[in-house]
Amino acid sequence: MSMIVDGLWRFMQRLTSYGPVVAALGSGLITFHVAAQDAGKPPGEDLYVQGLEWMANNELYRAQILMEQAIKLNPNNAGAYMDLSLIYCQLGEVAKANDMWEEIETRFSPPATLVEVIRRERTHGCVAAKSQSEVEFEITRGHSSNINQGVKSLGLDIPTVSGLMSVQLLPQFGQTADDYTQMNGVVKSAATADGVQAQMSMQLRENDRIKNLNILTLGLDVAKRQELSLGRLEWGAGLGQANLGEVPFQRHAKLRLNWRPHLQPVQGWDAIFGISVTQIEYPAFESMSSQPLDIQVTMAREWVGARFEAYGQLSKDKGSANRPGGNKDGTRLGFNLVKALGRFSDERLFAKLGWDGQSWRSASAYSPGFIDESRQQFMSTAIAAIVWPQTRTELWSIEARHQRNFENIKIFEYEAKTIQLSYRKTWDH
């Protein structure tokens, strides 16, 4: 039980978005929770603690799922009842919040501090947490075994109309190792009353030696959240540009829609369905363009100290007549796992594992009259990382990444191994 009280106390210290509610809850809710529970560790207590963590991060929908599960396992969890009532209140589900407050007053005999909180919330109506703007900066130092995505062997057999042709590529097409420094910056506006939020992002990667492969990307995205009876919709639109060296390489415009149903298809899992369409132009290649249409589903589940996410995607990419291989069809599968490991220097360590696999198949020959095969590609990326949060707004991470691109046309095959150390800082306003 001491772990629960400690977790709740840390949660109350960090929970600034509840405004005047915090002062009353700081001591009253802890006393209320301890007094209402039996000795020992009741069922669903781990889910309750995990829900508190998501509340502290203002992830109210995820916290709601865990609190509801905790109450199903233990209907006597008074603390979960109170926290869930406040979640309902902030999400605008006033009727549910009022029903829970009536049940709390009837069943649990809350202390005077919590009675006052309930009275105040009823009087003023449920007041949603005030959205804040956010600035995030990350700096990374890393090493790549193949910064230019070069082939493993300069001697290749290329399929042509007349059969296999042996070629010897120039040294610059082979894999080249290099070190790099990378800076990422994100500025997010506070969400408006209508749920609209804007985000500007920047990434700059400076290689130590291969300067013509330095990368600069800029992006602007606008999103709007909308709560409907069938679930939460998030509309989004974005513009971006990527420079390779000092030359514009790619420009894109994107529209997307994500839907998270209130009635989830699989109990215990959080499902989000998405669709997006993107228009991509390549300024360095005249009349060459790409228009991918993506349909994706993401399934996530929370355990105490862990989160697992899996996703699948179907893609159709309509290319311009000038693009080698023409149109493409693709599929994508992947997962991410984050797991708490323990404590180091009074802060909890986390392990992160991930894998992403994406395949593409071109509709027509890559280069008719020379390479008459359609291009078939499978890109595999594996990631392992250790994340060490210093505070709620600062963290260090060390990440290893292995990327392998398999192709039937061997000139495009490559392998790259990367290791990097990063520091990230976030400011709220």
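The values are calculated or read from the model by the stated rules, or taken from the named source; none is laboratory data. Since the structure is predicted, the reported quantities are computational estimates derived from the model, not experimental observations. Counting neighbours? That spans all protein chains shown, and the Cβs are built from the backbone with ideal geometry, glycine included. All accessible areas refer to the heavy atoms of the entire protein, side chains included, with ligands and DNA or RNA removed. Shrake-Rupley method; radii C 1.70, N 1.55, O 1.52, S 1.80 Å.
Observations, loosely collected:
- The condition of being closer than 20 Å to GLN264 by Cβ, of a type in the set (A, V, I, L, M) and open to solvent by 30 Å² or more (accessible area, probe 1.4 Å) holds for only one of ILE65, ILE71, ILE87, that being ILE65.
- Per-region count, the range 243-259, residues out of contact with any helix residue (DSSP H, G or I) (no Cβ under 6 Å at 6 or more places or on another chain) and either within 14 Å of VAL222 (Cα to Cα) or part of a loop (DSSP other than H, G, I, E, B) (or both): 7
- Some residue of the range 132-145 being in contact with a strand residue (DSSP E or B) (Cβ under 8 Å, 6 or more places away or on another chain), of a type in the set (Gly, Ala, Ser), at pLDDT 80 or above and surrounded by fewer than 18 Cβ atoms within 10 Å (Cβ to Cβ): yes
- Residue in the range 254-276 that is among the acidic types (Asp, Glu), at pLDDT below 95 and either under 28 Å from GLY44 (Cα atoms) or within 20 Å of the chain's Cα centre (by Cα) (or both) present: yes
- The set of residues from the range 92-101 being surrounded by 13 or more Cβ atoms within 10 Å (Cβ to Cβ) and part of a helix (DSSP H, G or I) comprises VAL94, LYS96, ALA97, ASN98, ASP99, MET100, TRP101.
- Taken residue by residue, the range 290-303 has at least one member that is touching a residue at least 40 places away in the same chain (Cβ under 8 Å) and open to solvent by 70 Å² or more (accessible area, probe 1.4 Å).
- All of LYS224, LYS188, LYS211 fail the test of being open to solvent by 60 Å² or more (accessible area, probe 1.4 Å), out of contact with any strand residue (DSSP E or B) (no Cβ under 9 Å at 6 or more places or on another chain) and among the basic types (Lys, Arg), apart from LYS211.
- For the range 76-124, the set of residues classified as within 26 Å of GLN226 (Cα to Cα) and basic (Lys, Arg) consists of LYS96, ARG122, listed by residue number.
- Residue match in the range 150-161 (condition: surrounded by 17 or more Cβ atoms within 10 Å (Cβ to Cβ), modelled with pLDDT under 85, farther than 23 Å from GLN90 by Cα and hydrophobic (A, V, I, L, M, F, W, C)): yes
- Qualifying residues in the range 324-346 (those that are small (Gly, Ala, Ser) and in a loop (DSSP other than H, G, I, E, B)) - the one most open to solvent (accessible area, probe 1.4 Å): SER345
- Only listed residue being surrounded by 15 or more Cβ atoms within 10 Å (Cβ to Cβ) and within 29 Å of VAL135 (Cβ to Cβ), chosen from GLY236, GLY245, GLY231: GLY236
- In the range 372-410, the residues that are open to solvent by 60 Å² or more (accessible area, probe 1.4 Å), modelled with pLDDT under 90, within 30 Å of ASN327 (Cβ to Cβ) and not basic (Lys, Arg): ASP372, GLU373
- Under the condition of being in contact with a strand residue (DSSP E or B) (Cβ under 7 Å, 6 or more places away or on another chain) and crowded, with 22+ Cβ neighbours inside 10 Å, the residues counted in the range 43-62 number 1.
- Test: LEU349 is outside any loop (DSSP other than H, G, I, E, B), free of Cβ contacts under 8 Å to residues at least 60 places away in the same chain and surrounded by fewer than 17 Cβ atoms within 10 Å (Cβ to Cβ): yes
- Checking each residue in the range 313-363 for being farther than 15 Å from ILE386 by Cα, modelled with pLDDT under 95 and among the polar types (S, T, N, Q) picks out SER320, ASN322, ASN327, SER362.
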